[in-house]
Amino acid sequence: MTECDLSSTLFEIAKKDLGAAEVLYSTGYYPQAVFYLEQAVEKGTKSVAVEVGAVKPSEGDLKSIGHYSYRVYERAWSIFKTWFRGMEFVETMVSIPIAKSSTRQYLLSLDPDKIFESWNSKVGELRKIAFDENELRQYMVVLQLLFTLARTFTVSKDVNVGFLGYLKKYPENVEKQLEFYLSTKFGGTLLKESGVSKEQAIKLIRGFVTSLTPEELEPLREFGEQLVRFGMLFTLLIYLSLLLTPHVNSSRYPEEGYGPHSYTKNTPIVQRFSELIELVSGSFEVLESFFDKKR
């Protein structure tokens, strides 16, 4: 099975799992509804990971992730980190010393090994969020923000003028990094989604640094806009995974003081289940639009 076939298959199953979660919730089967919502997010996250090449289309690779779909963050970061190779390009774009330091610290904080270890050690604590009204309310705010950004984020066309100034100031740095980034598998995927070829992008930098117009930069602006939206969507799926993964067993079997009996109409995660359904459903709609553009 090819990457495209597996990604499509996982996504179709994810949508059916979401439909099952809605039906089970509406009929009062709350623990089962929670389980199938987790399954929908799990398969949706895996479909994205396969699409961008973070997970191989093999049974063994998928099994290594298991129900812990947030593990795809570790895989995806192995692709994303090439965009920050050596930090040199980031530092050329930041002129204020303290901002350089902050940017470097932020990027280093994204170390997947540290984050993955932290998440694994806190699965029990993450489960508690679903049963704490205040904690869940705060978590939902983050989810709503990510969803809004994934659906509506735009880059003003005014940015083309500012970017032209940067190109003229640092043409060598930009050209070098652009060639490297567009040669990666992930870079190629993003270019394909935005409709911009590698040759077009490099030509913009090599041949027209001094003569580019804002209109000629429009495809790259759209590319950046899609990149941010995709990043927000992927982050949203990861956060949904972190919220729901701890319930994949306790919604079906007794586990560490929890069990199917824990999911009643008075449980916070059940009370906010309709909002979660809307978030996942909306996320899938945005995700489908990305897949349609790529295919």
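The values are calculated or read from the model by the stated rules, or taken from the named source; none is laboratory data. What you see is a predicted model, and the numbers here were worked out from it, not measured in a lab. Cβ sites come from the backbone with ideal geometry, for glycine too, and all protein chains shown count toward neighbours.
The single condition from (1) under 26 Å from Ile129 (Cα atoms); (2) modelled with pLDDT under 85 that Ser78 fails is (1). Pairing each residue of region 33-59 that is acidic (Asp, Glu) with any residue that is assigned to a helix (DSSP H, G or I), provided the two are 6+ apart or on different chains, yields C-beta distances under 6 Å for Glu38/Leu244; Glu38/His247; Glu38/Val248; Glu42/Ser69; Glu51/Ser7. Any idea which residue in region 8-25 is surrounded by the fewest Cβ atoms within 10 Å (Cβ to Cβ), counting only those that are hydrophobic (A, V, I, L, M, F, W, C) and modelled with pLDDT of 95 or more? Step by step, filter region 8-25, then rank; the result is Val23.
The residues of region 188-201 that are in a helix (DSSP H, G or I) and either modelled with pLDDT of 70 or more or hydroxyl-bearing (Ser, Thr, Tyr) (or both), listed by number, are Gly188, Thr189, Leu191, Lys192, Ser194, Lys198, Glu199, Gln200. Here Val55 passes the criteria (1) at pLDDT 85 or above; (2) in a loop (DSSP other than H, G, I, E, B) except the one numbered (1).
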